[in-house]
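Reviewing the structure listed below.
The values are calculated or read from the model by the stated rules, or taken from the named source; none is laboratory data. Every value quoted in this text rests on a predicted model; they were computed, and no experiment measured them. SASA here: full protein model, heavy atoms, side chains in, ligands and nucleic acids out. Shrake-Rupley method; radii C 1.70, N 1.55, O 1.52, S 1.80 Å.
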Amino acid sequence: MSASVSMPLGGVQVGSYDSYEQAQAAVDYLSDEKFPVENVTIIGTDLRMVETVTGRLTQGRAIAAGAAGGAWWGLFVGLLLGIFSTDGAGWIGSVLTGLLVGLLFGALFGWMGYRATQGRRDFTSTSRITASRYDVMCNPAFAEDARARLARFSLRG
């Protein structure tokens, strides 16, 4: 029976790092060293969601964002419909019509969406999930080898 399939939380800890990039670099080092990395798991603990406010959302910005998204969809539909045109003028007409209709509907839906919130969320933001610590776990059969290699990795600086 394989221990890696039923092992809780990916095995035993062979390293702990403050950032995902550091944990990823450690596993990349193990891979470069020809270690069987299919026996390794990165586990983030103490997860939290961080939302960074990027700006104020105004009616104009909501309309512009909706128009931009609608224009992309309209361009896509116009290009698809343009495939069936028999001449260049028909193709250009399909693309421009799709672009303009998409732009108008996108602007309309952007405005409607903004009005629907009634000022409850007048800002834009991005969010991400972060962890306070990232543990590199390993199958117990390979753990000592992984620890020794990661010790050399940490000495590199």
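Structure data summary
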{"read-out": "Residue-level accessible surface for Phe109, protein heavy atoms, 1.4 Å, Å²", "value": "120 Å²"}
{"read-out": "Thr130 - accessible surface, heavy atoms, 1.4 Å probe, Å² rounded to 10", "value": "20 Å²"}
{"read-out": "By accessible area with a 1.4 Å probe, ligands and nucleic acids excluded, highest first: order of Arg61, Arg156", "value": "Arg156, Arg61"}
{"read-out": "Karplus-derived 3J(HN,Hα), 6.51/-1.76/1.60, for each residue of the stretch 78-87, Hz, glycine and proline x", "value": "x, 5, 5, 5, x, 4, 8, 6, 9, 9"}
{"read-out": "Solvent-accessible area of Phe105 with every protein chain in place, 1.4 Å probe, in Å² to the nearest 10", "value": "110 Å²"}
{"read-out": "Relative contact order %, the stretch 1-143, counting alpha carbon pairs below 8 Å whose residues are six or more apart", "value": "45 percent"}
{"read-out": "Note, ³J(HN,Hα) from phi for the stretch 107-118, Karplus 6.51, -1.76, 1.60, rounded to Hz, x at Gly and Pro", "value": "4, 4, 5, x, 5, 5, x, 5, 5, 5, 6, 6"}
{"read-out": "Shape category assigned to the stretch 38-157 from the gyration tensor of Cα positions, a/c cut at 1.5", "value": "oblate"}
{"read-out": "222 nm mean residue ellipticity, helices alone, for the chain (DSSP H n ≥ 4; -39,500 (n - 2.57); rounded to 500)", "value": "-18000 deg cm²/dmol"}
{"read-out": "Interchain or long-range residues, amide H under 5 Å from Leu57's placed H", "value": "Phe123, Thr124"}
